[in-house]
1. Given contacts defined as C-alpha pairs under 8 Å and at least six residues apart, what's the relative contact order of the chain, whole-number percent?
2. Kirkwood hydrodynamic radius of the range 1-114 from all distinct Cα pairs, in Å?
3. Just for the range 25-141, what percent of DSSP beta bridges are antiparallel, to the closest 5?
4. Per residue of the range 183-188, what does 6.51 cos²θ - 1.76 cosθ + 1.60 with θ = phi - 60° give for ³J(HN,Hα)? Whole Hz please, x for Gly and Pro, Karplus curve as stated.
5. If you line up the Cα atoms of the range 163-312 on their principal axes, what length do they span on each, largest first, in Å?
6. Stretched out fully, how many nm does the piece from Arg118 to Val305 gain, at 0.36 nm a residue minus the Cα gap?
7. Taking H as built 1.01 Å from N, whose amide H comes closer than 5 Å to the amide H of Tyr123, not counting residues under 5 places away?
8. Among Leu64, Ser129, Gly85, which residue has its Cα positioned farthest towards the positive end of the charge dipole of the chain, with +1 placed on the Cβ of Lys and Arg, -1 on the Cβ of Asp and Glu, and the dipole taken about the Cα centre?
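Readers should treat all values here as calculations from the given coordinates under stated rules, not as data from a laboratory. The shown structure was predicted, so the numbers you read here are calculated from the model rather than taken from an experiment. Note that we place each Cβ from the backbone using ideal geometry, even for glycine, and neighbour counts take in every protein chain shown.
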Amino acid sequence: MPARGRTSRTKLTLGWIGAGRMGFEMAARLAKGGADLLVWNRTRAKAEPLRKHGAKIAEALSELAARDIVFCMVATGDDVREVIGKLLAGSGAKPRMVIECSSISLEGSAELRTFLGRRKVAYLAAPVSGNAKVIKAGKLTFVCSGPRKAYDAARPYLDMIGKGSAWVGEGELARIVKICHNVFLGVVTQSLAEVTVLAQKAGVPRHAFLEFMNQSVMGSTFTRYKTPAFVNLDFKVTFTPELLRKDMDLGLDAGRRFEMPLPLAGAARDLIQSLIGRGWKDQDFAALILQQAQASGIALKPENVEAGDGLS
Ligand SMILES: NC(=O)c1ccc[n+]([C@@H]2O[C@H](COP(=O)([O-])OP(=O)(O)OC[C@H]3O[C@@H](n4cnc5c(N)ncnc54)[C@H](OP(=O)(O)O)[C@@H]3O)[C@@H](O)[C@H]2O)c1
């Protein structure tokens with residue numbers, strides 16, 4: 001993608017749609033890195049603090065159409081369709097490329113590719129792994145698909161936001177990778193909740209159990225950064241149960257499409273649904289451990305033990 005008369009690819013003008021938990025921190029990294037960034041969020045007040053990092057805030061979504069590259073980070077496939085539709089509703093300017101980072105379905109992504117293709121706008125599917133704290137720590141990763149040329153043009157910006165990206169091929173392949181990733185996230189979180197409560201019921205404090213697990217071959221970046229929540233029961237939202245259920249449903253839909261059973265994913269999906277049904281939808285999805293404890297007949301208390309998250 002040639003830069004419009006500019007000398008450096010990192011001097012392209014950028015638009016950013018969505019300043020939620022993820023979008024805000026991703027945009028902040030671009031702004032802090034010196035990118036020429038214009039941000040739009042449906043609830044404008046949430047985007048305002050980005051000004052202090054050098055970003056401009058748009059009054060209207062249509063202002064972003066004149067940017068070279070527009071990033072999108074909203075919640076669901078329907079939201080993506082709505083904002084990209086509005087972005088390109090006018091007959092005037094249009095971006096050269098859209099980089100779409102939300103977690104959406106293969107079908108929604110393919111529909112978007114057709115929509116943008118008709119308007120001669122390049123499209124990179126670029127969903128991410130990591131929460132807002134991971135972004136702040138500079139450890140977000142992207143999985144990308146679409147034309148290799150689009151990925152190469154996007155890469156300097158992806159590198160400003162996170163620690164790395166992988167291009168997995170053409171079309172919507174990145175979407176299935178992200179869906180598989182989050183199905184694994186749901187299953188692993190439920191499993192970690194089960195074994196942590198089992199160990200506790202047998203007499204092992206959660207912090208001691210998780211300290212061992214984190215050092216073991218089963219420990220991971222994820223088990224480490226969920227440890228403070230499991231130990232001290234701080235369920236301030238990083239990722240909502242409803243967004244995780246969306247991803248489990250995307251996984252189960254993909255399982256139907258590709259004709260395969262996903263028995264663990266199905267069970268984890270229903271447990272996440274139960275969490276929502278019990279009214280825990282405004283807490284972090286790590287609250288799965290509370291539900292597990294309840295089902296196991298024990299009440300959890302914060303252990304008030306310093307537990308590192310492996311990020312800071
Ligand atoms: N949180 C995580 O750990 C995480 C990790 C990886 C991927 N993801 C994925 O990243 C995406 C964003 O997640 P998040 O946690 O940042 O969610 P979030 O905090 O709920 O933010 C959602 C964003 O989308 C906007 N939005 C929603 N519907 C819209 C609509 N119809 N029109 C315009 N804007 C709309 C919201 O605007 P308002 O501010 O006006 O509501 C907000 O900016 C999701 O697809 C999620 O699955 C999340």
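1. Numbers: 541 pairs, mean separation 42.4, N = 312.
After rounding, I find 14 percent.
2. Numbers: mean 1/r = 0.0704 Å⁻¹.
Result for the range 1-114 stands at 14.2 Å.
3. Values: 1 of 11 bridges.
In the range 25-141, DSSP labels about 10 percent of beta bridges as antiparallel.
4. Values, residue by residue: 4, 4, 4, x, 5, 5 Hz.
5. The principal-axis extents, from largest down, are 48, 35, 26 Å.
6. On the way: separation 187, 0.36 × 187 = 67.32 nm, distance 5.61 nm.
Answer, rounded to one decimal: 61.7 nm.
7. Placed amide hydrogens put Val98 under 5 Å from Tyr123.
8. Toward the positive end, the furthest listed residue is Leu64.
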